[in-house]
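Down below is the structure, laid out as structure tokens.
The values are calculated or read from the model by the stated rules, or taken from the named source; none is laboratory data. What you see is a predicted model, and the numbers here were worked out from it, not measured in a lab. Positions of Cβ are generated from backbone atoms using ideal geometry, with glycine treated the same way; all protein chains shown enter the neighbour counts.
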């Protein structure tokens, strides 16, 4: 089969690779129906994370089960499935607590490279969620979004304890930030402030439920949010970038007693203990336990409540994966969907 | 009147000072019934915080109202009152959200020095809570504890979202840590692990509700807590010290999805964003909004549910305040109560 391999910063190739196989009796192998490029992949693509030799690439996927190992009991070939980027047994203590991305037996599905024609999924029973039927073509982008960006935006809102009537600010206008707007709306926020300087993203944020747009950044952005919130800051702030700058902006935009959910993978972030202390702000982050939310999110997609697939503003054949990276790197696309 | 003044590290003097007066019509002046020495005062006493000239000292108090300003409507001379170390209007947005120590008009009561015969209390209506009657002598230590250490231990547990059935670990066996044990028990924790190396404090922790004692610190302490919790860590950890070491110990002792409430005033603490991210731990701290909890805590004291005054293992006349500091500095006393 063929799949994407990162050889060096900026050098993604679509090339022949070994077919994935059942290695463990808990595995499944799926035929990829759609995959995509994640903002977090750009850290590697841009060489900010070191690239140590050729690396199979991508960690978001939906597909059709082709084969299951002898221990897999809940899935059968032919089913359409959505899964998370971390495989989880969904039975250990951390999974039962709702933190499947901290499963005691987790494996990074992306290690095998999901921008490929076929994917091996470890711990298939605990990782994959099958749709009730074969989904309509129009639902596939949104189901794919659930495998990462929608699940991650959802977790940002859950980690920040968004609830009815809250004022929520979202830092970051990438696909995760836009999905976080959806999540805030679904969880009952009455005011949603999207921090964005890019007109097409502002527009999509509004369509997803943002009530206000703030184009300013840093201290000016903080000042704007405070102006809009009686001087105290937003109840909940969803940090969807992962830099020191964005974390500081989030912290200073949150009211005393409010919460930050942070889902941007931190790069060089240190939180000043004294500032956090006197802020009275609650902080929780992490790789989103997408698996926890998948049944609910899939239902919201299939019943038409949410349409996160709209974050894909570029669709390409999988073999043009290198073009997809270039488009996202140059910010010509919010998020690129790839079809084998 | 006379009161304590810190002149230099290790140099506390009890000396003649100006009588406090009503300056603002929202003020009250109280006659001190009891005051005490706080662990956080030791940062100054030891010269870890810089001492810039003679400073009136102390911020914990109970007393009898002597005089009220023209705008004070809920208090009258003769009432027994308990207050917080931060004065708050108790009406602004942050107060209404339950974070009176972030009141938009807060003033540090301790600025005037509460280890004194009389104290000026700004924003008296919002700051002081009167007991229904004159309390019995035996309740005074516990009511005094509510003005800071019990309120702070309570906030640690609330910030960590302690609830019924939780396993809670408490880092720090000072008066706040011991009060945090009381709070965890009152909020329904079923297992309370006190981290303590000092036999008298271990004993008091057990009497307050600790079910387990861990004497090890740092990575060994973390390993012990993990052993006791099926390998994943405690549901809630209450950090009552404020050092980089204690915060790291707290973070690594908490299970994924668990929470830390941190109330030790941070000294040189930076939280590594990447470690916090992958931990999935929620973190909230700050100066405890004692005023929010006072009515409830006073009721628990007067009805005999809690007895936090037992943290006072040394009682001295106020004029011996210097001895009280020495005893706490040398860890001969957990906490010293002072009587004018």
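Structure summary
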read-out: One residue from B:318, B:238, B:297 being more than 9 Å from every other protein chain (Cβ to nearest Cβ), within 29 Å of residue B:11 (Cβ to Cβ) and crowded, with 19+ Cβ neighbours inside 10 Å; value: B:318
read-out: Residue list for the range A:96-105, restricted to those being more than 9 Å from chain B (Cβ to nearest Cβ) and either surrounded by fewer than 24 Cβ atoms within 10 Å (Cβ to Cβ) or on the phi > 0 side of the Ramachandran plot (or both); value: A:96, A:105
read-out: Test: residue in the range B:244-261 that is surrounded by fewer than 21 Cβ atoms within 10 Å (Cβ to Cβ) and touching a residue at least 60 places away in the same chain (Cβ under 8 Å); value: no
read-out: Helices (runs of 4 or more DSSP H) contained in the range A:221-340 and holding at least 3 residues under 19 Å from residue A:182 (Cα atoms); value: A:290-302
read-out: Residues within the range B:158-169 that are part of a helix (DSSP H, G or I) and either more than 14 Å from chain A (Cβ to nearest Cβ) or surrounded by fewer than 24 Cβ atoms within 10 Å (Cβ to Cβ) (or both), tallied; value: 1
read-out: Residue count for the range B:16-32, restricted to those that are loosely packed, with under 14 Cβ neighbours inside 10 Å and under 20 Å from residue B:324 (Cβ atoms); value: 1
read-out: Selection count, the range A:33-58, where residues are in contact with a strand residue (DSSP E or B) (Cβ under 7 Å, 6 or more places away or on another chain), at pLDDT 90 or above and assigned to a loop (DSSP other than H, G, I, E, B); value: 4
read-out: So residue B:113, is it at positive phi and either without any contact (Cβ under 8 Å) to a residue 24 or more places away in the chain or within 14 Å of chain A (Cβ to nearest Cβ) (or both); value: no
read-out: Residue match in the range B:170-191 (condition: assigned to a helix (DSSP H, G or I), surrounded by fewer than 24 Cβ atoms within 10 Å (Cβ to Cβ) and either outside the structural domain of residue B:311 (by TED's automatic domain parsing) or touching a residue at least 12 places away in the same chain (Cβ under 8 Å) (or both)); value: yes
read-out: Qualifying positions in the range A:272-306 - in contact with a strand residue (DSSP E or B) (Cβ under 7 Å, 6 or more places away or on another chain) and within 25 Å of residue A:106 (Cβ to Cβ); value: A:283, A:284, A:285, A:287, A:294, A:295, A:298
read-out: Test: residue A:268 is within 14 Å of another protein chain (Cβ to nearest Cβ) and within 19 Å of the chain's Cα centre (by Cα); value: no
read-out: The range B:59-70, subset surrounded by 22 or more Cβ atoms within 10 Å (Cβ to Cβ) and free of Cβ contacts under 8 Å to residues at least 60 places away in the same chain, residue farthest from residue B:125 (Cα to Cα); value: B:63
read-out: Test: residue in the range A:217-235 that is under 30 Å from residue A:103 (Cβ atoms), crowded, with 21+ Cβ neighbours inside 10 Å and touching a helix residue (DSSP H, G or I) at 6+ places or on another chain (Cβ under 9 Å); value: no
read-out: Among (1) in contact with a strand residue (DSSP E or B) (Cβ under 6 Å, 6 or more places away or on another chain); (2) closer than 22 Å to residue A:333 by Cα, the one test that residue A:224 misses; value: (2)
read-out: Criterion (outside the structural domain of residue A:173 (by TED's automatic domain parsing), within 16 Å of the chain's Cα centre (by Cα), within 25 Å of residue A:234 (Cα to Cα) and buried (at least 19 other Cβ atoms within 10 Å of the Cβ)) met by exactly one of A:306, A:334; value: A:306
read-out: Extreme residue, farthest from the other protein chains (Cβ to nearest Cβ), among residues of the range B:84-95 that are buried (at least 23 other Cβ atoms within 10 Å of the Cβ) and outside any loop (DSSP other than H, G, I, E, B); value: B:87
read-out: Test: residue in the range B:108-131 that is in a helix (DSSP H, G or I), assigned by TED's automatic domain parsing to the domain that holds residue B:74, closer than 26 Å to residue B:323 by Cα and in contact with a strand residue (DSSP E or B) (Cβ under 6 Å, 6 or more places away or on another chain); value: yes
read-out: Flag if residue B:140 is outside the structural domain of residue B:247 (by TED's automatic domain parsing) and either assigned to a helix (DSSP H, G or I) or surrounded by fewer than 18 Cβ atoms within 10 Å (Cβ to Cβ) (or both); value: yes
read-out: Test: residue in the range A:8-25 that is closer than 26 Å to residue A:150 by Cβ and assigned to a loop (DSSP other than H, G, I, E, B); value: yes
read-out: Failed item, numbered, when residue B:46 is tested on (1) without any contact (Cβ under 8 Å) to a residue 40 or more places away in the chain; (2) surrounded by fewer than 22 Cβ atoms within 10 Å (Cβ to Cβ); (3) in contact with a helix residue (DSSP H, G or I) (Cβ under 9 Å, 6 or more places away or on another chain); value: (1)
